[in-house]
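Everything below concerns the one structure shown next.
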Amino acid sequence: MDRGRLTSLLARERDSQVRRNPRSAAAYAQADHLFGRVPMTWMNKQAAGFPLYLESARGSHVVDLDGHEYVDLCLGDSGAMAGHSPAPVTEAVMRRLATLGGATAMMPTEDAEWVGAELTRRFGLPRWSFSLTATDANRWAIRLARAVTGRPKILVNSYCYHGSVDESLIVVGDDGEGVSRPGNVGAPCEVTLTSRVAEFNDVDGLERQLAHGDVAAVLMEPALTNVGIVLPEPGYLDAVRRLTRRHGTLLINDETHTLSAGPGGCTGAWGLAPDVVTIGKAIGGGVAVGAYGLSAELAAAILDRDDLDLVDMGGVGGTLAGNALSVAAARATLEHVLTDSAFAQMTALATRFTDAVTKVIEAHDLPWSISQLGARAEYRFVRPAPRDGTSSARAADAELEDYLHLYLANRGVLLTPFHNMALMSPATSAADVDRHSEVFAAAVAELLA
Ligand SMILES: Cc1ncc(COP(=O)(O)O)c(C=O)c1O
């Protein structure tokens with residue numbers, strides 16, 4: 001690839017985005033009262049110097065403040081996997097908020113038990129508790145794991161992402177041991193005091209770390225999804241389960257993104273048997289909700305402990321967690337939108353997406369790859385597809401990524417800012433996928449011309 005050509009095409013696409021979006025640019029320039037000019041600092045992850053502002057969204061499409069409509073393949077990085085404002089969720093939220101009243105009241109509603117039962121059907125774990133984010137679900141699962149095992153450390157995979165969880169900000173260093181992940185903001189202590197790390201797909205590395213006997217839980221995605229999609233090799237997840245059992249370590253599957261694999265995420269699709277599942281984002285249909293599910297044995301072991309304060313200020317809890325509005329939204333999402341049949345359709349569309357991208361990669365013999373996990377697919381600038389987080393992180397190419405993101409956005413297609421990821425919702429159509437295929441092919445052709 002001609003890097004000079006890439007640089008000049010990127011500059012052209014940046015100019016085009018600036019010219020197309022004066023209202024977004026002005027809103028950003030005027031946001032003097034926001035830290036970093038954005039509601040949350042990660043919104044500064046964009047290629048043109050300002051974020052596109054949201055005006056409205058419905059189904060698989062969003063409209064920005066300047067009136068441009070996009071096929072939304074980002075879908076709130078899974079938060080809108082159900083599509084934007086699906087009717088059953090809107091109705092459930094309106095019923096709770098307007099008709100019945102009481103978004104949050106420090107009282108349970110019957111919807112929570114319905115959602116718990118449905119999550120049990122999907123993931124197999126029988127006892128559920130709610131949070132408002134997947135980060136908090138992970139934080140609380142980790143605390144429970146430490147409490148019940150009496151061990152201090154959590155093991156994660158290098159270049160994982162589980163939200164802003166202190167214990168997860170560790171990567172494998174050059175000597176094969178853990179080091180703080182670059183950029184770790186305000187770490188409460190040296191991360192190696194709380195954490196161990198192994199590469200995804202590295203059974204020997206995992207065994208070496210577990211052999212220390214101090215790991216309370218392995219917190220992992222069954223497929224990495226935050227550094228491209230890194231799929232498990234045959235036998236790897238079985239080995240993880242075998243080794244965690246052998247070393248008395250609990251296994252937490254974070255299914256926040258890997259829910260894309262099917263109605264019960266990878267756990268359901270691949271018949272996995274974790275001790276805990278954590279989840280968030282998608283299951284609220286756009287409304288904040290997270291959850292963690294425990295095995296019967298683990299739930300009983302925790303509840304049997306009268307030294308743990310699970311009720312008051314013992315470190316597990318959130319005032320709005322499990323609120324009436326968020327569980328009403330989760331019920332509507334799971335009952336009517338992200339249904340078993342919806343997943344079949346979403347997965348078929350992700351396959352259509354993957355096939356079209358593969359054709360372009362092959363036609364130009366590009367050293368790129370694409371991986372699919374059910375309703376989600378992502379291209380990566382390396383071939384073959386990476387087998388662990390560190391090699392996938394090394395394959396990042398910020399300039400190329402920015403070019404593709406801007407080229408697509410300027411022609412009406414949104415990818416996730418942090419990924420080259422496309423996610424299908426129940427509202428996504430074949431025409432939406434084909435729009436991406438067409439623009440992606442044009443972007444590559446121009447780059448290589
Ligand atoms: C696997 C995984 N777990 C947890 C989280 C954290 O989710 P939230 O930011 O909603 O807390 C994310 C966010 O991307 C994620 O990808």
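Here are the numbers for the structure shown:
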{"read-out": "In nm, spacing of pseudo-spin labels at ALA442 and ASP309 (7 Å Cα→C-beta vector)", "value": "6.1 nm"}
{"read-out": "Degrees, to the nearest 10: 430-448 long Cα axis against longest axis of the chain", "value": "60 degrees"}
{"read-out": "Stokes-Einstein D in µm²/s, Kirkwood radius over Cα pairs - the range 87-337 at 4 °C with 1.567 mPa s viscosity", "value": "70 µm²/s"}
{"read-out": "Contact order relative to length of the range 294-395, as percent, for alpha carbon pairs under 8 angstrom and 6 or more apart", "value": "15 percent"}
{"read-out": "Solvent-accessible area, 1.4 Å probe, carbon plus sulfur percent, for the chain", "value": "54 percent"}
{"read-out": "Between 0 and 90°, nearest 10: helix 236-246 axis offset from the chain longest Cα axis", "value": "20 degrees"}
{"read-out": "Electrostatic dipole magnitude of the range 42-186 [Cβ: Lys, Arg +1; Asp, Glu -1; Cα centre; debye, to 20]", "value": "640 debye"}
{"read-out": "Computed over the range 123-257: relative contact order in percent, which uses C-alpha pairs under 8 Å that are six or more apart", "value": "25 percent"}
{"read-out": "Under 26 Å from LYS45, Cα to Cα: lysines that are on another chain or at least 8 residues apart", "value": "LYS281"}
{"read-out": "Folded to 0 to 90 degrees: helix 110-123 orientation relative to the chain principal axis, Cα", "value": "80 degrees"}
{"read-out": "Whole-Hz couplings from phi, Karplus 6.51/-1.76/1.60, listed for the range 249-262; x for Gly and Pro", "value": "9, 6, 10, 10, 8, 8, 9, 4, 9, 6, 3, 4, 5, x"}
{"read-out": "Highest-fluctuation residue, ASP202, ASP275, ASP365 considered, GNM on the chain with Cα pairs under 10 Å", "value": "ASP365"}
{"read-out": "DSSP bridge pairs, the chain: antiparallel proportion in percent, nearest 5", "value": "65 percent"}
{"read-out": "Per residue solvent-accessible surface (Å²) - the range 87-337, probe of 1.4 Å", "value": "42 Å²"}
{"read-out": "The chain: relative contact order as a whole-number percent, Cα under 8 Å and 6+ apart", "value": "23 percent"}
{"read-out": "For the range 45-108 and the range 242-298, distance of Cα centres in Å", "value": "25 Å"}
{"read-out": "Top of THR256, THR99, THR358 by mean-square fluctuation, Gaussian network on the chain, Cα under 10 Å", "value": "THR99"}
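The values are calculated or read from the model by the stated rules, or taken from the named source; none is laboratory data. Predicted model only: the values in this text are computed from it and were never measured. For neighbour counting, all protein chains shown are included, and Cβ atoms are generated from backbone atoms with ideal geometry for every residue, glycine included. What goes into the accessible areas is simple: the full protein's heavy atoms, side chains included, and nothing from ligands, DNA or RNA. Shrake-Rupley method; radii C 1.70, N 1.55, O 1.52, S 1.80 Å.
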